[in-house]
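Following: one structure in structure tokens, then a few remarks.
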Amino acid sequence: MPHTPKELLKGKEDKLKGISKKTIEIHRDKLYAAYVSKRNEVEEKLAKADKSTSNQIYSEWRGLKEGETFAANGMILHEYYFGILGGNGDPKKAPTVLKKIDKDFGSFESWKEDLVACGMAGRGWGVLAYDPSDQKFHNYIGDAQNQGAVWGAQPLVALDVYEHSYFIDFGSDRKSYIEAFFQNIDWAKVEQIYQRVGKQYPAAI
Ligand SMILES: [Fe+2]
């Protein structure tokens, strides 16, 4: 079954603080949609590709497998990103997430400071994730979607810091965009994701 783009931020495109409708429409309807269709394309090609000539320097198989993780992670992380925007930025709506943030980062403010620093350091992504390897929350960075991923870690808050997510609205002022991102988080959605993770990994909560 091919992947289909999810309906994300529908009708809320012009409701975000600081992030414009134009940015969201380009970002979601062109870039995110392209990750979904490319993921389908690469999966179709993999089904027919020649495995016998697979080689780590260059081979059709390697090229497709690299494209597969890039497209899949691009699709998945954008679904977390758009999926948690559209809120009022109030973390009190995510009581158990806040409790875990306090436990693993000391306070909401120190967690936020840490994710802002990740947003400034990452070339593509900053992600709050639950990592079952140590049962803790971590902020991870991703320079590209198929690098720096931590296998098994569960994204909760995905902060897109590729230029396309803010250049129209903020020029090179990435920091102000990151602040706007925080003002738009729907923490009730983050809470839902964490509850779902908790069902899968009882030690998470
Ligand atoms: Fe993006």
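The values are calculated or read from the model by the stated rules, or taken from the named source; none is laboratory data. Predicted, not measured: the structure shown is a model, and the values here were computed from it. Cβ placement follows ideal geometry from the backbone for every residue including glycine, while neighbour counts extend to all protein chains displayed. Note: areas computed on protein heavy atoms with side chains; ligands, DNA, RNA excluded. Shrake-Rupley method; radii C 1.70, N 1.55, O 1.52, S 1.80 Å.
Points worth noting:
- Straight-line cross-link partners of Lys175 among the lysines, defined as a Cα under 19 Å from its Cα and at least 8 positions apart when in the same chain: Lys17, Lys112.
- Per residue accessible area in Å² of the chain, where ligands, DNA and RNA are left out and the probe is 1.4 Å: 52
- Each residue of the range 61-74 was assigned a 3J(HN,Hα) from its phi angle through the Karplus curve 6.51 cos²θ - 1.76 cosθ + 1.60 (θ = phi - 60°); the sequence is 4, 4, x, 5, 5, 5, x, 5, 5, 5, 5, 5, 5, x Hz, with glycine and proline shown as x.
- Charge dipole (the chain, unit charges on Cβ, about Cα centre) - positive-most of Gly124, Ile193, Ile26: Ile193
- 3J(HN,Hα) along the range 13-19: 4, 9, 9, 7, 8, x, 9 Hz, from the Karplus curve 6.51 cos²θ - 1.76 cosθ + 1.60 with θ = phi - 60°, whole Hz, x for Gly and Pro.
- Kirkwood-based Rg to Rh ratio, the chain, C-alpha trace: 0.99
- Per-residue HN-Hα couplings for the range 191-205 [Karplus 6.51, -1.76, 1.60; θ = phi - 60°; Hz; x = Gly/Pro]: 4, 4, 4, 5, 5, 5, 4, x, 5, 7, 10, x, 6, 5, 10
- Accessible-area ranking of His164, His27, largest first, probe 1.4 Å: His164, His27
- Heavy-atom SASA rank of Asp104, Asp186 (probe 1.4 Å, accessible area, largest first): Asp104, Asp186
- At R0 = 25 Å, FRET efficiency that the Cβ-Cβ distance of Asn88 and Ser176 yields, to 0.05: 0.85
- Of the accessible area of the chain, computed with a 1.4 Å probe over protein heavy atoms only, carbon and sulfur atoms account for 54 percent.
- Net dipole in debye of the chain [+1 Lys, Arg Cβ; -1 Asp, Glu Cβ; about Cα centre; nearest 20]: 420
- For the range 128-194, chymotrypsin sites (Phe, Trp or Tyr not before Pro) meeting the loop criterion (DSSP other than H, G, I, E, B) and having at most 12 other Cβ atoms within 10 Å: Trp151.
- For the range 89-189: rounded, prolate or oblate by the Cα gyration tensor [a/c cutoff 1.5]: oblate
- In this calculation the C-beta distance from Leu31 to Met1 is compared with R0 = 25 Å, giving a FRET efficiency of 0.65.
- Across Lys99/Lys199; Lys15/Lys136; Lys30/Lys189; Lys21/Lys65; Lys21/Lys189, pairs whose alpha-carbon gap is larger than 26 Å: Lys15/Lys136; Lys21/Lys65
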